[in-house]
Amino acid sequence: MIELLNIIFVSISIFTIFNSRNIIFTKNSSNIFCNFSLNLFFFFNICLVLSFFNNTVEYLFYILILISIINLKNFFFYLTKFNYVFFILFNLCFFLRISAEPSLGWDGVANWYPKVFNFLNSGTFFTLDNYPRDSYPHLGSYIWAVFANYSFLKYEYLGRFIYFFFYLSSIFLVTSYNKNSHFKNLLIVLVLFIISFDFDLFKGYQEYLIFSLINIFVIFFYNEKNHKYFGLLTLLIINAIIWCKDEGLIYSTPILIMYLVKNNKILSLKNAYFIFFYLLIVIFKFFMMGYLLSDHSLGGFTIMQILRELFNFSTFLSDTILILKHFVVSYFKYPIWLFLILFLLFPSKDTKRKKTYKDALYIFIFCLFINFLIFHIQGTDLLEWRLTTALDRLNLMLSAYFVYFIYLNLNQYLQIFIKNGSSK
């Protein structure tokens, strides 16, 4: 009974902490999922800063309690909205499932939970070298620790509720700009959820943090890109991504390019400022990680190892066949890729005329190329093992670039289906 009450307490707190109306995107202050998304990645960036200081996890407990109480009024206000009630029930179902199956996956145990343990025991970023995998970014683990500490029982699985909440907020955000009927929007949300969801990745893995951040950027890009603070929001999203996983720096490249070319004025003062601050963010990350590391390898590889494998053409054909085989397997594991390929081949008429179609095609080619390159530089003796254990998760993160494109096509085809059905 005490554990159930603790689950309810943490759940309600998560719903209330992040539902305050945003003060930047004021024209969308009534969009609860826009509020959730903005508040979450602002919170992530604040957590990154706090992770460098002592005892911040303990202090955040009291601050979050206060914010939760202040936002109770908003919570009850939004309960009058059907999509919000459905969102809460959806979250609660999977919060309970996480509670019923609290075991961690291999990556969670070996790589990420030791960092959580560090922060729960008053550690900081600078004490991470006392734990395994100190070369891995720590932001996801710090956020996990914050919500594990937030509960009275301090069970670690309660800290993972925030991962699912963030993922589902980004999925609901996809349809939130559309004034469709509630039924139509929820039907599309369910489809997007089914084709992108993997419960095992909520067992301590970090992939859904990057997936959600990328998805949020893409939605804002096509709906808010002319907002005066869009450059700041883009930098904050990139900053959060690169501190979640090492792959984040590479996988955020399309975000950088999309921002720079959004107004067809690449050589502009605004872009120059953006690149300057982007480089500061990246340099700061490398500088701080260099503080912990005794070597300067990239993802466990030295520069010489990367160059040697990159130009190793003796195994190129066999490596290519093996990589393509696992690409196909990963596409069936996460059907979002099958939907993407289907809509790239057969886009709806309205979508094909939009910029999103060309963007999706270019980013799809980038995804194929970058993942092929990542696995081509692996040693041949370890290639299949790395493909089996990592490719599907890497592809899941990249698939976030296409959620909005898939939504546009689903929306158009569903509209045609409903129109044809009503005319009979």
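The values are calculated or read from the model by the stated rules, or taken from the named source; none is laboratory data. Worth saying up front: this structure is predicted, and the values here are computed from it rather than measured. A quick note on method: Cβ atoms are made from the backbone with ideal geometry, for glycine too, and the neighbour counts reach across all protein chains shown. Accessible surface is based on the protein model in full, side chains and every heavy atom, while ligands, DNA and RNA are left aside. Shrake-Rupley method; radii C 1.70, N 1.55, O 1.52, S 1.80 Å.
Would you check if LEU173 is under 23 Å from GLN412 (Cα atoms), free of Cβ contacts under 8 Å to residues at least 60 places away in the same chain and under 19 Å from the mean Cα position of the chain (by Cα)?
Considered against the rule, which asks whether it is under 23 Å from GLN412 (Cα atoms), free of Cβ contacts under 8 Å to residues at least 60 places away in the same chain and under 19 Å from the mean Cα position of the chain (by Cα), LEU173 comes out as no.
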*Name the residue, out of ILE323, ILE241, that is in contact with a helix residue (DSSP H, G or I) (Cβ under 8 Å, 6 or more places away or on another chain), at pLDDT 90 or above and assigned to a helix (DSSP H, G or I).*
ILE241
*Of all residues in region 114-135 being surrounded by 21 or more Cβ atoms within 10 Å (Cβ to Cβ) and aromatic (Phe, Trp, Tyr), the one that is nearest to LEU292 (Cα to Cα)*: PHE125
*Residue by residue through region 136-178, note down the ones that are more than 25 Å from LEU89 (Cβ to Cβ), open to solvent by 10 Å² or more (accessible area, probe 1.4 Å) and of a type in the set (Ser, Thr, Tyr).*
TYR136
*Among (1) open to solvent by 50 Å² or more (accessible area, probe 1.4 Å); (2) part of a loop (DSSP other than H, G, I, E, B), the one test that PHE277 misses*: (2)
*Would you mind finding the one in ASN45, ASN6, ASN19, ASN91 that is open to solvent by less than 30 Å² (accessible area, probe 1.4 Å), part of a loop (DSSP other than H, G, I, E, B) and within 28 Å of PHE193 (Cβ to Cβ)?*
ASN19
_Residues (touching a Phe, Trp or Tyr at 6+ places or on another chain (Cβ under 7 Å) and either without any contact (Cβ under 8 Å) to a residue 40 or more places away in the chain or surrounded by fewer than 18 Cβ atoms within 10 Å (Cβ to Cβ) (or both)) located in region 48-74_ = PHE52, PHE61
_Checking the conditions here, which among LEU209, LEU235, LEU213 is open to solvent by 10 Å² or more (accessible area, probe 1.4 Å) and in a helix (DSSP H, G or I)?_
LEU235
*Filter region 364-392 down to residues that are in contact with a helix residue (DSSP H, G or I) (Cβ under 9 Å, 6 or more places away or on another chain) and either open to solvent by 40 Å² or more (accessible area, probe 1.4 Å) or hydroxyl-bearing (Ser, Thr, Tyr) (or both), then give me how many there are.*
9
